[in-house]
1. Tell me, which residue of the range 194-214 that is within 13 Å of the ligand (Cβ to nearest atom) and not small (Gly, Ala, Ser) is nearest to Val4 (Cα to Cα)?
2. If I filter the range 218-234 for residues that are assigned by TED's automatic domain parsing to the domain that holds Gly21 and within 23 Å of Pro70 (Cβ to Cβ), do I get at least one hit?
3. Kindly provide the set of residues from the range 114-141 that are among the hydrophobic types (A, V, I, L, M, F, W, C), touching a residue at least 40 places away in the same chain (Cβ under 8 Å) and in contact with a Leu (Cβ under 8 Å, 6 or more places away or on another chain), ordered by number.
4. I need a count of the residues in the range 162-178 that are closer than 25 Å to Leu208 by Cα, in a helix (DSSP H, G or I) and free of Cβ contacts under 8 Å to residues at least 60 places away in the same chain.
5. Residues being out of contact with any strand residue (DSSP E or B) (no Cβ under 6 Å at 6 or more places or on another chain) and either part of a loop (DSSP other than H, G, I, E, B) or buried (at least 17 other Cβ atoms within 10 Å of the Cβ) (or both): count how many of those fall in the range 102-116.
6. In the set Phe77, Phe59, which member is more than 15 Å from the chain's Cα centre (by Cα), surrounded by 18 or more Cβ atoms within 10 Å (Cβ to Cβ) and away from the ligand (no atom under 16 Å from the Cβ)?
7. Return yes or no: is Val11 within 16 Å of the ligand (Cβ to nearest atom), in a loop (DSSP other than H, G, I, E, B) and either over 20 Å from Arg139 (Cα atoms) or touching a residue at least 40 places away in the same chain (Cβ under 8 Å) (or both)?
8. Please find, among Arg23, Arg37, the residue that is in the same structural domain as Ala243 (by TED's automatic domain parsing) and within 16 Å of the ligand (Cβ to nearest atom).
Amino acid sequence: MKAVFIDLSGVLYIGREAIPGAREAVARLQASGLVIRFVTNTSRMTRRQILESLRGLGFEIHDEQLVTAPSAARDWFAERGLRPWCLVHKAIREEFEALDQSNPNAVLIGDAADDFTYAHLNRAFELCLEGAPLVGIGRNRYFRLDGHFLLDAGPFIRAIEYAADVEAVIVGKPSKTFFEQVLRDAGCSAGETMMIGDDVEGDIEGALKAGLQACLVRTGKYRPGDEHRIDGDFRVEDSIVEAVDYLLGS
Ligand SMILES: [Mg+2]
């Protein structure tokens, strides 16, 4: 193995608490010489906020090791000169400020939390009905915070796809294009890279489809039986600690 991609929420921390042993596991990886990318669909924090919060929890992460789905979305619109209408969390609106958003001709949906109102969803629907491309940040169904399971962007993206009879372009996990983009950035091939995550569909199935190896951890959103929900060969470990033990052969 030459590279490891690591999901953040549910693998390194849950809510505001680091998972026991995760800090030391990351430190061991950092010292190992493996290429590391932290890969997240989190769309409630800017890149800067994510880096600050990880460092606040004691994780050693270098700026260039963090890859987020919202920045991939911004690049997608910028490359095509599109003007997106952004239904995203208020905390990350600043990430899209550099894009022209007047007279929109595209739609972006991320985890917008309380901004998922009927009026906003209907605006997205009408634009898509007129032919605006729909871009989704991830397709995650739900995530876990403070002991609750919360609806993520996936169910809302699916609702607009269904209503307008369109198919969203997904940036972030589980999109194959996204994994390939991260592999290029890391300078590694899929076969020599392992994805570690707690989301059997977003992290594990997505990685396998892109040709990576994968390891599901039984922390975060993991629920017993998740490993039987998808086909394919992948490891299952109790946490990032055991996953790193396996990777480093100890
Ligand atoms: Mg996760």
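1. Restricting to residues being within 13 Å of the ligand (Cβ to nearest atom) and not small (Gly, Ala, Ser), the top hit is Met195.
2. Step one: of the range 218-234, the residues assigned by TED's automatic domain parsing to the domain that holds Gly21 are 218-234.
Checking which are within 23 Å of Pro70 (Cβ to Cβ) leaves us with 220-221.
Yes, the range 218-234 contains a residue that is assigned by TED's automatic domain parsing to the domain that holds Gly21 and within 23 Å of Pro70 (Cβ to Cβ).
3. As a first pass, look at the range 114-141 and keep what is among the hydrophobic types (A, V, I, L, M, F, W, C): 116, 119, 121, 124-125, 127-129, 132, 134-135, 137.
From what is left, the residues that are touching a residue at least 40 places away in the same chain (Cβ under 8 Å) are 116, 127, 132, 135, 137.
Result: Phe116, Val135, Ile137.
4. Narrowing the range 162-178 to residues closer than 25 Å to Leu208 by Cα: 167-178.
This time we only want the ones that are in a helix (DSSP H, G or I), so: 176-178.
Next, from what is left, pick out any that are free of Cβ contacts under 8 Å to residues at least 60 places away in the same chain: 176-177.
Qualifying residue count for the region: 2.
5. Kept after step one, since they are out of contact with any strand residue (DSSP E or B) (no Cβ under 6 Å at 6 or more places or on another chain), are these residues of the range 102-116: 102-103, 105, 111, 113-116.
After this cut, where a residue has to be either part of a loop (DSSP other than H, G, I, E, B) or buried (at least 17 other Cβ atoms within 10 Å of the Cβ) (or both) as well, the list is 102-103, 105, 111, 116.
Count: 5.
6. On the way: Phe59 fails: away from the ligand (no atom under 16 Å from the Cβ).
Criteria check complete, one pass: Phe77.
7. Working: within 16 Å of the ligand (Cβ to nearest atom): yes; in a loop (DSSP other than H, G, I, E, B): yes; either over 20 Å from Arg139 (Cα atoms) or touching a residue at least 40 places away in the same chain (Cβ under 8 Å) (or both): yes.
Considered against the rule, which asks whether it is within 16 Å of the ligand (Cβ to nearest atom), in a loop (DSSP other than H, G, I, E, B) and either over 20 Å from Arg139 (Cα atoms) or touching a residue at least 40 places away in the same chain (Cβ under 8 Å) (or both), Val11 comes out as yes.
8. Matching residue, one of Arg23, Arg37: Arg37.
The values are calculated or read from the model by the stated rules, or taken from the named source; none is laboratory data. The model shown is predicted, which means the values in this text are computed figures rather than measured ones. Note: ideal-geometry Cβ built from the backbone for every residue, glycine included; neighbour counts use all protein chains shown.
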